[in-house]
1. 5 Å is the cut-off here: which amide hydrogens, built 1.01 Å from N in the peptide plane, fall below it relative to L122, excluding neighbours closer than 5 in sequence?
2. Got a sec to turn the phi values of the stretch 244-252 into Karplus ³J(HN,Hα) couplings, 6.51 cos²θ - 1.76 cosθ + 1.60 with θ = phi - 60°, whole Hz, x for Gly and Pro?
3. For the chain, give the percent of accessible area contributed by carbon and sulfur heavy atoms, probe 1.4 Å, rounded to a whole number.
4. Hey, in the GNM for the chain with a 10 angstrom Cα cutoff, which one of T188, T51, T128 fluctuates hardest?
5. Based solely on C-alpha atoms, express the radius of gyration and the Dmax of the stretch 1-266 in angstrom.
6. Would you please calculate the Kirkwood hydrodynamic radius of the stretch 73-140 over all C-alpha pairs and express it in Å, rounded to one decimal?
7. Write out the trypsin sites (Lys or Arg not before Pro) in the stretch 13-90 meeting two conditions: DSSP loop, and at most 15 other Cβ atoms within 10 Å of their Cβ.
8. Just to be sure I follow the rule: in the chain, considering lysines 8 or more places apart or on different chains, how many pairs have Cα atoms under 29 Å apart?
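The values are calculated or read from the model by the stated rules, or taken from the named source; none is laboratory data. The structure displayed is predicted, hence computed values, not measured ones. Note that each Cβ is placed from the backbone with ideal geometry, even for glycine, and that neighbours are counted across all protein chains shown. The protein model used for the area step is the full one, side chains on, heavy atoms only, and it has no ligands, DNA or RNA in it. Shrake-Rupley method; radii C 1.70, N 1.55, O 1.52, S 1.80 Å.
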Amino acid sequence: MLFSTIDVVTGPFVHSYEKSFCVLADRRNWPLGENFQFLMICALCGCFGVTITFFAIHFVFRYFALERQGRLAYFHGCYFVIWLTIPVIFGVLWGMTIGYFVGPDLEKTEYLRESILTSYNLSMDDVTYVGSVYWRKKGDGGEEIVMDSMIAMGVFMTMMTTSFAVVCYYGYKSYKRITSLIYEGESTYTRNLQKQLYKALVVQAIIPIVLMYAPVGSYLILPFFGVNIAPFSKLVTFVYAAYPAVDPLPLMFIIDNYRNAISDFFFCCTSNKNRVSATEEEISRGHTTI
């Protein structure tokens, strides 16, 4: 909700030009001042660090639930506070890296001026932005690396790689566990539910790869190698903003109970066809795993 609210209020554009990338917002009708808009852009970028960390923790939680060895106790009490603190730390680190290493300066402003005018019909005096230029021209006509931009990319890629590694590791372990649970079920309901969870796991692993890791990772890395991805900049903005809305959909449409509830709500009918219910005895024995 915070991410979506900041995104709507700030209205950012993701832009790439030759060996640079930036996130910018139109400040012509912004009533709260350039500095506050700059902080909002940093907070919006920081939300990405929060999102990928929450996603990784979600996979850890899911595996502990599937494992059934009592390790869900690590998500209760003070442990739960620690789990919630980790994404906040990652988000603050991401936002501070944006603000400190890739904030606006005269060199970037001049480098981006023509492309911003061509792409959005905006002068640099009309926008607030953060961004990186990976290479700068030297007096002899050669190029040199901009260290601030490299440090920022190193921080971002470390955080993304860590999150992605956790997702892959616990996603694979969850896949193996769900595969075995399908054959451990003592009832039709239990086996059917485990199959649905397996399908939901696969889809929920694909969605962030397509909507977060791949586009944002490409957006950060490719300009360093001089790959001009300017035509795809608007696509990155769209898919990044779409992720919070798309992420819950697999559970809503793959899990029978959710799907039937949605059908009942929108079509004002009871969808009993092909519905398998759990008995109270099965639920009390803990054979359902969500």
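1. Sorted by chain and number, the residues that satisfy this are L117.
2. Result, ordered by residue: x, 7, 7, 4, x, 4, x, 5, 5 Hz.
3. Numbers: 10270 of 15770 Å².
Looking at the chain in its full context, I get 65 percent from C and S.
4. T188
5. So, for the stretch 1-266, Rg and Dmax equal 21.5, 75 Å respectively.
6. Radius from the Kirkwood sum: 15.2 Å.
7. Answer by residue number: R28, R68.
8. Going through the chain pair by pair, I get 14.
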